1. Cβ under 14 Å from Glu164's Cβ, Glu164 left aside: what net charge do those residues give with Lys, Arg +1 and Asp, Glu -1?
2. Of the peptides 217-229, 185-197, how do they stack up when ordered by the mean number of other Cβ atoms within 10 Å, highest first?
3. Would you work out the relative contact order for segment 58-196, in percent, from Cα pairs under 8 angstrom that are 6 or more residues apart?
4. Relative to the present Cα-Cα distance, how much length would full extension add between Ala135 and Tyr190 at 0.36 nm per residue of separation?
5. First select every other residue whose beta carbon is under 14 angstrom from the beta carbon of Phe221; then total the charges, Lys and Arg +1, Asp and Glu -1.
6. In Å, the Kirkwood hydrodynamic radius of segment 33-88 over pairs of distinct alpha carbons?
7. Hey, what did segment 32-100 get for relative contact order, percent, Cα under 8 Å, at least 6 apart?
8. Percent relative contact order of segment 141-233, based on C-alpha pairs within less than 8 angstrom and at least six residues apart?
Amino acid sequence: MLKSFRRFLAVQVGAGLTLAAVGFMPAHAADADVLATVNGMEITEGDLAVAGEEYGAQFGNLPEPQRRAALLSALIEIRLLASKAEEKGLADGEDFAKRLAFLRQQALHAAFIEKVVDGAVSEDEVRASYDKQIADAPAVNEVRARHILVKTKEEAEAIIKQLEEGGNFEEIAKEKSTDGAAANGGDLGYFTSGQMVPEFEKAAFALNPSEYSKEPTETQFGFHVIKVEDKRAKQPPAFDAVKDRVRSMLVREKYVEEVSALRDAAEVDVKDPALKEFIDGIEKQREGAASETGEVEEPAKSE
């Protein structure tokens with residue numbers, strides 16, 4: 001149940017922040033530039049920008065000129081069908097009024113996030129949060145290793161003997177290793193504790209730089225001969241690489257704080273007991289859910 005609350009809350013908060021990006025955009029002078037008219041109704045650069053946020057996922061892979069043309073085409077269709085809907089009186093129905101009221105609330109919600117929540121996060125706060133997380137993070141050691149993977153213990157022992165006789169580890173790896181890293185001389189790059197299977201990790205971290213294993217290491221993949229190239233303390237990610245992630249974390253935290261404060265001050269009466277129980281659980285987890293996603297992590301590397 002606890003995990004369900006947290007998943008629901010993450011979606012709820014994420015949706016709120018996404019609506020801010022889609023539903024509220026600052027005005028610029030260029031926004032007034034007219035790109036087209038439909039029966040006298042103007043479509044401006046600002047309209048195109050809003051449409052770009054709304055339909056970005058659909059047209060995001062197109063080259064920029066095609067993307068703009070697709071967005072403009074979509075806006076032309078919207079203007080045409082909206083005009084026809086007005087003629088048919090569809091704007092006078094109760095359902096339409098309810099939807100329009102919801103969209104107004106949604107836009108106000110987004111404006112509040114844009115102006116109050118997001119605007120409250122300063123660059124100094126982002127830097128301070130980053131510095132604190134780096135200072136609080138425990139030291140992490142990492143190893144750069146090569147390995148030669150073979151099917152049998154006898155093959156691995158023969159390779160160790162070959163190394164003892166002066167064989168070149170990289171060349172032997174290219175020739176005899178069955179692992180995908182063979183083409184790179186068995187190079188696995190740097191890794192930290194927990195990234196490799198336990199038997200391999202234990203053997204690798206026990207070696208000093210330039211040493212190779214004197215006994216084969218058995219894992220579920222076969223038998224390994226391991227050579228350590230380097231050991232070092234893992235460097236934290238650079239501020240510029242993670243500042244957007246840190247800022248998003250702080251915005252999320254402030255969003256949760258604002259919503260929690262408003263809920264505490266408001267009279268919210270949920271009539272359905274089952275829904276009330278669920279919402280009460282969400283409230284108990286709200287603050288924790290916001291901070292749990294905020295640890296600074298190294299951006300993923302492309303191999």
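We did not get these values from a lab; they are worked out from the coordinates using the rules stated. This one's a predicted model, so the numbers in the text were calculated from it and none came from an experiment. When we count neighbours, we look across all protein chains shown, and the Cβ atoms used for this are built from the backbone with ideal geometry, even at glycine.
1. Surrounding charge for Glu164 is -1.
2. Ranked by mean Cβ neighbours within 10 Å, highest first: 217-229, 185-197.
3. Reported as a whole number, the value is 19 percent.
4. The span from Ala135 to Tyr190 would gain 17.6 nm if fully extended.
5. -3
6. 11.7 Å
7. Rounded, it is 23 percent for segment 32-100.
8. Relative contact order for segment 141-233 comes out at 43 percent.
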